[in-house]
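S.K.: Okay, handing you the structure first.
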Amino acid sequence: MDRLPDKLCYDKLSTFGLLACGHWRKRQTEAAERTALAALRLSAHSDPRFLSVKPYHCTAEVLLRLWEDARANQAPTAEALAVSAREACAVLADYANVFTIGQPGYLLWWGVYRWLSGQRRAGLADLRRAASVASRLGMKYEEGAAHAELGRRLSGPAGGQHLENAVGLFEGIGAAYDAAEARAALASHAEYSPPRPRGSGLGSTEWQH
């Protein structure tokens, strides 16, 4: 019984974090912001040893997406969302310090945060590390997400190749929504064309990651 308040906190945090992602995917931005901020407040009272990484992952993702949109639209909420997004990344860092499986998610969203903050080279380095660590740990979703973010941040063939990698990884694990989002981003890369098969007599292309 002494642990009941903590369990209720963890249950609520998990619910709000996952709900935030669901609202965001439906483009219900007000509900996404409300539930993500609720999850962030609860995370201050949580112990990462008793919760999976997914709610923390979702909270950081949604707050970063909302911040990016607010920046693009010069919305007055942009500054406050930036602060909340950084706090969500700090929570992920705490989780990653306890569990190795938290490292790809932390590197992923901290990389996006740094990119949006103007530290683009550092942000890209974090995203590449996220893809590498996720690959080593066999975490296909996080690997795909890192490639997707690299693809969105890089123009031309390099970005297109990362997006193609993301599509393949997401499709391989049945992440239909994420695969569709990466495929849509890939379609906007007008400069990208898939590499020709080796041995075709038409040459080959070396892609940088």
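The values are calculated or read from the model by the stated rules, or taken from the named source; none is laboratory data. As the structure is a computational prediction, the values presented were derived from the model and not from experiment. Please note: Cβ atoms are built from the backbone with ideal geometry, for glycine as well, and neighbour counts cover all protein chains shown.
S.K.: Could you list, ordered by first residue, the pairs with Cβ atoms under 9 Å in which the first is in the range 30-47 and more than 14 Å from Arg86 (Cβ to Cβ) and the second is among the acidic types (Asp, Glu) and surrounded by fewer than 18 Cβ atoms within 10 Å (Cβ to Cβ), at least 6 apart or interchain?
M.R.: His45/Asp6; Ser46/Asp6; Asp47/Asp6
S.K.: Another question, if that's okay. Name the residue that is farthest from Ala88 (Cα to Cα), counting only residues in the range 44-77 that are acidic (Asp, Glu) and in a helix (DSSP H, G or I).
M.R.: Asp69
S.K.: Just one of Ala44, Ala20, Ala70, Ala38 is under 28 Å from Leu137 (Cβ atoms), aliphatic (A, V, I, L, M) and surrounded by 17 or more Cβ atoms within 10 Å (Cβ to Cβ); which is it?
M.R.: On inspection, the qualifying residue turns out to be Ala20.
S.K.: Tell me, which helices (runs of 4 or more DSSP H) wholly within the range 102-204 include 3 or more residues that are at pLDDT below 95 and either surrounded by fewer than 23 Cβ atoms within 10 Å (Cβ to Cβ) or charged (D, E, K, R) (or both)?
M.R.: Answer list for the range 102-204: 156-172, 176-187.
S.K.: Of the numbered conditions (1) farther than 26 Å from Ala175 by Cβ; (2) surrounded by fewer than 16 Cβ atoms within 10 Å (Cβ to Cβ); (3) modelled with pLDDT of 95 or more, Leu4 satisfies every one except a single condition; which is it?
M.R.: Here Leu4 clears every test but (3).
S.K.: Taking the range 64-77, which residues are among the aliphatic types (A, V, I, L, M) and closer than 13 Å to Tyr113 by Cα? Lay out the reasoning, then the answer.
M.R.: Residues of the range 64-77 among the aliphatic types (A, V, I, L, M): 64, 66, 70, 72, 75.
If the condition is that a residue be among the aliphatic types (A, V, I, L, M) and closer than 13 Å to Tyr113 by Cα, then Leu64, Leu66 are the ones that fit.
S.K.: I've got another one for you. Based on what the data block shows, is Asp94 farther than 25 Å from Glu30 by Cβ, among the acidic types (Asp, Glu) and assigned to a helix (DSSP H, G or I)?
M.R.: Yes.
S.K.: How many of the residues in the range 73-90 are in contact (Cβ under 8 Å) with a residue 24 or more places away in the chain, surrounded by fewer than 21 Cβ atoms within 10 Å (Cβ to Cβ) and among the aliphatic types (A, V, I, L, M)?
M.R.: Residues in the range 73-90 being in contact (Cβ under 8 Å) with a residue 24 or more places away in the chain, surrounded by fewer than 21 Cβ atoms within 10 Å (Cβ to Cβ) and among the aliphatic types (A, V, I, L, M): 1 in total.
S.K.: On to the next question. Considering only residues that are farther than 21 Å from Ala80 by Cα and touching a helix residue (DSSP H, G or I) at 6+ places or on another chain (Cβ under 7 Å), which ones fall in the range 109-127?
M.R.: Selection gives Ala122, Leu124, Asp126, Leu127.
S.K.: Taking the range 25-57 on its own, how many of its residues are within 18 Å of Tyr177 (Cβ to Cβ) and more than 20 Å from the chain's Cα centre (by Cα)?
M.R.: 0
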